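Scroll down for the structure; my scribbles are underneath it.
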Amino acid sequence: MHLSVLDQSPIVHGHTPAEALARTVELAQAAEQLGYHRYWLAEHHNMLGLADPCPEIMVARIASATTRIRVGTGGVLLPYYSALKVAEIFRMLEALFPGRIDLGIGRAPGSDQVTSQALSPGSFYDFDQFPAHVQDTVAFLDDALPADHPYARVKAMPSGPTAPEVWLLGSSGYSGSLAAYLGLRFAFANFISAHGGDDVMQAYRAGYRPSIREPVPQGMLTVFAICADTDVEAERLAAPIDLRRLQMARGFDAPVATTDIALAMDYSPEDRAIIQRERARAIVGSPTRVRDRIETLVEAYGADEVMVITITGDYGARLRSYELLAREFALPGA
């Protein structure tokens, strides 16, 4: 089973966005050495705690700083962009780094409504258009637009013998059903929606329609995990993400707190109830505990791959978490 990394480029309190991006590059290089299979960059806008609104740029930066690991987006928020432009960007990346590029596609806004309008007025169309938008993007990538398509003579350049892998991302049955219908790879975000994902993945497999790109279904499970030498230490390191998820639930935007700041917080009973509720979306513990929970989820989902996102209140603890996980799963570089 492949193990991979999802990075949202978190900005920890006291650090700049530029430092957060530099740490993303460092973590990607470490992930490659440890034996992780993929490294994906997420797209978010107007968030004080996350540094990357342009994952396609970071894909180029990470791919140029590594040699073997697959690099991609988790994901490009397709409703903001034209199918042709996305295909051109990823055909360019594929030409520069052949056989290493993934295009993960999402449909969420990645920010608030005002920011969405500022990014692309009117871009968040009726979602009935999304399937056609995905189809056009893939067809441009593969130079496979139907002859009767209005843009049939338009080619996404640079052309070449290979194309990026395409993954449809989601946290609901809609995305799974669409991926099955279009014959695409599917990644379920358990770190966003902790309940019902096993049913979504099983329905994806049951309803899968083979395509030229993907003769058989390929399902990935994406989880949030914090791994430390002991359960007690892992719980301590989880304090910043508990605070961040509480802040998000309250509509408050801020950089990721350090562990000391988070541990010093005085929570009300209502706050603690929210934190406890949100913990369903996280796996926290020693290497054995985290591995056992991931393996349980993999069996329930029938997942082919696992991608792990980790955010802590300091970058060293984040790296250490991935190192421990790589060792526990016996990755080739651990």
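The values are calculated or read from the model by the stated rules, or taken from the named source; none is laboratory data. Every value quoted in this text rests on a predicted model; they were computed, and no experiment measured them. Using ideal geometry, Cβ is built from the backbone for each residue, glycine included, and neighbour counts are taken over all protein chains shown. In case anyone asks, the SASA skips ligands and DNA or RNA and just uses the protein heavy atoms, side chains included. Shrake-Rupley method; radii C 1.70, N 1.55, O 1.52, S 1.80 Å.
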Review point. When only residues in the range 119-153 that are modelled with pLDDT of 95 or more and of a type in the set (Phe, Trp, Tyr) count, which is most open to solvent (accessible area, probe 1.4 Å)?
Key: Tyr151
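For the range 167-237, please list each of the helices (runs of 4 or more DSSP H) lying entirely inside it that holds at least 2 residues being among the aromatic types (Phe, Trp, Tyr).
On the way: elements: 173-182, 197-206, 231-237.
Answer list for the range 167-237: 173-182.
Looking at Pro217, is it surrounded by 17 or more Cβ atoms within 10 Å (Cβ to Cβ), of a type outside the set (Asp, Glu) and farther than 21 Å from Val71 by Cβ? Please lay out each step first, then the result.
Values: surrounded by 17 or more Cβ atoms within 10 Å (Cβ to Cβ): yes; of a type outside the set (Asp, Glu): yes; farther than 21 Å from Val71 by Cβ: yes.
So Pro217 fits the description; yes.
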**Study point:** Hits in the range 238-264 - residues which are in a helix (DSSP H, G or I) and of a type in the set (Ser, Thr, Tyr)
**Key:** Thr259
Revision key, fill the gap. Within the range 72-114, residues being of a type outside the set (A, V, I, L, M), under 15 Å from His133 (Cα atoms), open to solvent by 30 Å² or more (accessible area, probe 1.4 Å) and under 18 Å from the mean Cα position of the chain (by Cα) number 1
Review point. Does at least one position in the range 135-153 carry a residue that is under 21 Å from the mean Cα position of the chain (by Cα), basic (Lys, Arg) and part of a loop (DSSP other than H, G, I, E, B)?
Key: no
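Here is a yes/no grid of residues against (1) of a type in the set (Ser, Thr, Tyr); (2) open to solvent by less than 30 Å² (accessible area, probe 1.4 Å):
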residue: Tyr181; (1), (2): yes, no
residue: Phe191; (1), (2): no, yes
residue: Asp199; (1), (2): no, no
residue: Phe224; (1), (2): no, yes
